[in-house]
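Everything on this sheet refers to the single structure shown next.
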Amino acid sequence: MAKRIDVSGLSAYYGTTKAIEDISMSIEPRSVTAFIGPSGCGKSTFLRTLNRMHEVIPGARVEGKVLLDDENLYASNVDPVAVRRSIGMVFQRPNPFPTMSIYDNVVAGLRLAGVKKKSVLDDVVERSLKGANLWKEVHNRLNKPGAGLSGGQQQRLCIARAIAVEPQVLLMDEPCSALDPISTLAIEDLIGELKSQFTIVIVTHNMQQAARVSDRTAFFNLAGVGQPGKLIELDDTQRIFSNPSVQATEDYISGRFG
Amino acid sequence: MTSSSPAAPRGRERRPRDSRVGDKIFMNLARGAGILLLVIMAAIAGFLAWRSGMALSNNNGNFLTTFEWTPDAPKPVFGIAVLAFGTIVSALIAMVIAVPVAIGIALFISHYAPRRIAQPFAYLVDLLAAVPSIVYGLWGALFLIPHMDGLTSWLNQYLGWTYLFDQTRTGTPRNLFTVGILLAIMILPIITAVSREVFRQVPRMHEEAALALGATRWEMIRTAVLPFGRPGIISASMLGLGRALGETIAVAVVLSANSVLSLHILDAGGGTFAQNIALKFAEAGNNGRDALMASGLVLFVITLLVNGAARLIIARRKEYSGANA
Amino acid sequence: MTTMTTVPEDARPQVGPRLTANRLPRWTPPAVAAGSIAVGCGIGAAAGLQSHLQWGLISALLFLVGGYLISAQVEGRRQAKDRFATSVVWVAFILAVVPLVSLTVYTVQQGIGVVNGNFLSHSMKGVIQSGPGGGIYHALLGTLQQVGLATLIAAPLGLLTAVYLVEYGRGRLAKAVTFFVDVMTGVPSIVAGLFILSLWNLALGFSYSGFSGSLALAILMIPVVVRSTEEMLKLVPNELREASYALGVPKWKTILRIVLPTAIGGITTGVMLAVARITGETAPVMMLVFGADYINSNPFDGPQQSLPMYIWQQYSVVNNDFGYARAWGAALVLIAFVMGLNLIARGIARWRSPKGGH
């Protein structure tokens, strides 16, 4: 269920502005990789290039290669829709579909793929909500609107929705930044459990969070305002936070800037 | 600056002070304007009802079921059956054509068109809304009708079996179908404009949620955009319906009026409330005028209901989206 | 948690969908469109259909169906549906463009030869209606006077009502006014005409005049002015009002000196759009102004003419080529006037828009 990602020579643009430049890295399967770095360093942009969500913004484009196992996501005959089914995404702010019930939210992806059988959908709902540690809280109100849940619950609902389609990779774009500490903790625990099945990439603003949840950490930085973001280094989380090999990383970790 | 004291004393004060008097006058002026508006609305209903009552008491036919319109005859007979039928059928045809097309155009502007086209095009559609209805009517009569000949006989030939498109009398296509098409073109801009705004308000994060689940663009629109925009589309359509029901002069120019009530929408003839008023008004006598007022009152009530419904839907939508903000 | 978990990539089951899919090349939609148009025209010409409307409809149908089938064959059902939706949206766009272009082009074509100095500066007095000649001066004058009077009534009333709703409006009365302003927006113009007729002409005994037309136009105009002004006043930041109160300026002066001037750009736009809307109204004018062939420069006494009514009469009463020509000429002038107002209004809106003025 989990695949590795190899990125080589990747740059992304918004119109004529270059947002990230020449990034190469490998992301291990069944592990958590965290992206950290100051605001505007392109870590979210980079994350969105990994499932071709970057290009849904008008004028945005990507150069370079992203290999999922051995398939290049940016090859000309690749269908971005299929890519997004294989690589799920959880966003910064919880975004359950406001007009749908909890149940419908979870199965939204499967319904799109044409799954109609009630028994299959029921199974998936239960499995995904259990996987997202939400089943106990909502199993008796599956037909209530998803928007009626608390922020933390909504975010776990979004995770359930993302894992319901059984992706190989799960991308998380600052999934806890809109949540309170207790909800954040619940999500962090969940990430720890999910990594046994999925390759997880998480962008976070919070260095403690990166240290807590991730196996490997990538530090991004930019030379100045208006300059494209670059990958500074990628290493085991322990090493990054104890003994990074680049001075800029150490400065950032120890709070000297950013 | 009439008053320079920063904190006016609380409570009612008898001593007239400039600022207070000024405030009171101004506020009552503003409130008076608001009240005058309510009075006008009440007066519209009241005067029409009063005149209608006079006409109805002289009517020897059944106001609801009679086909003829001869209120000035020695023995006045008039009814709104043909008019109500024509008004509703032509408006429905207009809706059936205009609503899907308008949603398409709105989606085109909000989600499909390249940006360079979208903005000027949205602007053009807005300008289309400003074209006076008499010009639409003139265009309909002198340009559209000659071009409808072929389409009409075509529909009759291939879809005649549906009864609806069966043409039983030949003649110029001055029929309810043509009127429906013309009305559709006229209400397109308003429906498009409102739907477009609603579609633009769909939060980006909902669209991205759908895309990230592996939705194609159309599936994204179906899961995220249309459900969110549904109340807006409904109320936009109601606004369009209101206009179609009340349109006068374009219908008067295009439809050849007679008192035939027929579901063969390709047969020339029929009538609508507004058209009937416009055409019969000039030569109407006293009772004739009152009878027209009665039909106008019915039209007024119908449009009131349609618009009221639209407003209620919009109001509900506001609460609903507030809960999810 | 910081230990690295390198899971050996052992026997991974083949999971998930394939990433690659058969894709149609980018030029497919335009190619299908071109093909459909060619075939549509071919069928149209072969079957001897004289109306180009049918040619277009056949082409559009071919485009929709053809695009769907090709895509379904190559790319599968989901992609085909997506492409079908895209095609439908594009067809809707073209369906909207066709009447727009046709209407403007046709009006300009028919009207441009008619409009000249003579046409603009002469009335129909003494002109044989069924013959050539004559002009729209009396109608132009009438329209300007009627619309001007209607604006003089509706603009202050609408403005005051909006001020009431935004600055004072609380409670049931304000709610009722808000609701009925909305309802009033939907009053059919012919009903407004009937109302003024029964009140002004029948109950109060006044006779036909430009002014009674203005009254009906004002009824149509008020709700539009209220709505747009309301929106603009709501955009004025509360800090401005509070700053003024803090200086001890009474509320009414704050509204007159601070709030209204701040929003004046938007308000002007709203009023101009409302003027554009009522300028084209025919039905109430027809009932109340009655129509005249001669110049009557007094809107308070006797029948007048107006542009929309002139078009109507030239079309339906004269009803021959000379009448049509004059109708098109007047229509061109009317459209130009209304569009001009629209463009100026939007220009003002854009010019003052970002901060609502200073």
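Measuring nothing but how far apart in sequence close Cα pairs (under 8 Å, 6+ apart) lie, relative to its length, segment C:26-112 scores a relative contact order of 21 percent. Starting from a Cα-only point model with no solvent, please compute log10 I(q)/I(0) by Debye for segment C:178-279 at q = 0.10, 0.13, 0.14, 0.19 1/Å. So the normalised log intensities are -0.41, -0.61, -0.68, -0.92.
At an R0 of 41 angstrom, the distance between the Cβ atoms of residue B:24 and residue C:343 translates into a FRET efficiency of 0.45. Normalising the average separation of contacting C-alpha pairs (under 8 angstrom, six or more residues apart) by the number of residues puts the relative contact order of chain C at 20 percent. Could you work out how far helix C:321-352 tilts from the main Cα principal axis of chain C, as a 0 to 90 degree angle to the nearest 10? Orientation of helix C:321-352: about 70 degrees from the principal axis.
A cut-off of 5 Å between modelled amide H atoms, ignoring neighbours fewer than 5 places along the same chain, links residue A:233 with A:219.
Taking Lys and Arg as +1 and Asp and Glu as -1, the other residues whose beta-carbon sits under 14 Å from that of residue C:222 total -1. Put a dot 7 Å past the Cα of residue A:39, heading toward its Cβ, do the same for residue C:242, and the two dots end up 2.4 nm apart.
Summarising the label geometry, the points placed 7 Å from Cα in the beta-carbon direction at residue A:127 and residue B:142 lie 7.0 nm from one another. Picking from B:71, B:114, B:146, which is most flexible by a Gaussian network model of chain B using Cα springs under 10 Å? Comparing B:71, B:114, B:146 in the GNM, the peak value goes to B:114.
With the cut-off at 51 Å, report for the protein assembly as shown the share of all Cα pairs above it, as a whole percent. Don't jump to the answer; show the numbers that get you there.
On the way: 150331 of 442270 pairs.
Counting every Cα pair in the protein assembly as shown, those more than 51 Å apart make up 34 percent.
Structural descriptor for chain A: relative contact order 28 percent, calculated from alpha carbon pairs under 8 angstrom and at least 6 residues apart.
Computed from the C-beta positions of residue A:14 and residue B:35, the FRET efficiency with R₀ = 41 Å rounds to 0.15. Pair-distance distribution P(r) for segment B:80-166, from all Cα-Cα distances in 5 Å bins starting at 0: 3, 11, 10, 18, 21, 16, 12, 7, 2, 0 percent.
The string of couplings for segment C:83-97 from the Karplus curve (6.51, -1.76, 1.60, θ = phi - 60°) is 5, 4, 4, 4, 4, 4, 4, 5, 5, 4, 4, 5, 4, 7, 6 Hz, one whole number per residue in order, with x for Gly and Pro.
If I require 15 Å or longer along the helix axis, counting alpha carbons, and a Kyte-Doolittle average no lower than -0.5, what helices from chain B are left? Use full DSSP H segments. Intermediate values should be presented prior to the final figure.
Working: long enough: B:18-58 (58 Å, 0.89); B:81-107 (38 Å, 2.53); B:115-130 (23 Å, 0.70); B:145-159 (20 Å, -0.11); B:176-201 (36 Å, 1.58); B:226-246 (29 Å, 0.80); B:286-323 (55 Å, 0.52).
Sorted by number, the helices that extend far enough and score high enough are B:18-58, B:81-107, B:115-130, B:145-159, B:176-201, B:226-246, B:286-323.
With a simple spin-label model that places each label point 7 Å from the Cα along the Cα-to-Cβ direction, the separation between residue A:177 and residue B:172 comes to 6.6 nm. Axis angle, to the nearest 10 degrees, between helix C:137-163 and the longest C-alpha principal axis of chain C: 70 degrees. Normalised by 2.2 N^0.38 Å, where N counts its residues, the alpha-carbon radius of gyration of segment B:116-216 equals 1.55.
The sum of -39500 (n - 2.57) across all DSSP H runs of n ≥ 4, divided by the residue count of chain B, sets its helix-only mean residue ellipticity at 222 nm to -22500 deg cm²/dmol. Hydrodynamic estimate: the Kirkwood radius of segment A:47-115 over Cα pairs, inserted into Stokes-Einstein at 10 °C and 1.306 mPa s, corresponds to D of 115 µm²/s.
Suppose the chain between residue C:152 and residue C:264 were pulled fully straight at 0.36 nm per residue; how much longer would it get relative to their current alpha carbon spacing? Extending this stretch completely gives an extra 38.7 nm.
Kirkwood radius and radius of gyration were both taken over the C-alpha atoms of chain C, and their ratio Rg/Rh is 1.16. Extension gain for residue B:119 to residue B:57 (0.36 nm times residue separation, less C-alpha to C-alpha distance): 16.7 nm.
In chain C the longest region clear of trypsin sites (Lys or Arg not before Pro) that are loop-assigned by DSSP and have at most 15 other C-beta atoms within 10 Å covers C:171-354. Convex hull volume per residue, computed on the Cα atoms of chain A, equals 126 Å³. The calculated FRET efficiency for residue C:94 paired with residue A:243, based on their beta-carbon distance and R0 = 51 Å, is about 0.20. Taking the inverse of the mean reciprocal distance over all distinct Cα pairs, the Kirkwood hydrodynamic radius of segment B:97-321 comes to 19.6 Å. Histogrammed with a bin width of 5 Å, the alpha carbon distances of segment C:283-358 distribute as 3, 14, 16, 17, 15, 11, 8, 7, 6, 3, 1, 0 percent, first bin at zero. Taking 17 Å as the cut-off, the amide N atoms of segment A:208-252 that come nearer than this to a point 7 Å along the Cα-to-beta-carbon line of residue A:193 belong to A:213. Near residue B:295, once Lys and Arg are set to +1 and Asp and Glu to -1 for all other residues with Cβ below 12 Å from its Cβ, the sum equals +2.
Test of understanding: in a Gaussian network model of chain A with alpha carbons linked when under 10 Å, which of A:226, A:15, A:114 would top the mean-square fluctuation ranking? The residue with the greatest mean-square fluctuation here is A:114. If you look at the Cα atoms of segment C:157-214, you get an Rg and a Dmax of 14.8, 41 Å.
Annotation: segment C:26-112 has a Kirkwood hydrodynamic radius of 14.2 angstrom, from the mean reciprocal C-alpha pair distance. Between A:115, A:90, A:66, the residue with the greatest mean-square fluctuation in the GNM of chain A (Cα pairs under 10 Å linked by springs) is A:115.
When the chain is fully extended, how far beyond the present Cα-Cα distance does residue B:45 get from residue B:64, taking 0.36 nm per residue of separation?
Details: separation 19, 0.36 × 19 = 6.84 nm, distance 1.91 nm.
Extending this stretch completely gives an extra 4.9 nm.
Of the trypsin sites (Lys or Arg not before Pro) in segment A:99-134, the ones in a loop by DSSP (not H, G, I, E or B) with at most 12 other beta carbons within 10 Å are A:116, A:117.
Bear in mind that the values in this text are calculations on the coordinates, not laboratory data. Every value quoted in this text rests on a predicted model; they were computed, and no experiment measured them. Glycine also receives a Cβ, built like all others from the backbone with ideal geometry; neighbour counts cover every protein chain displayed.
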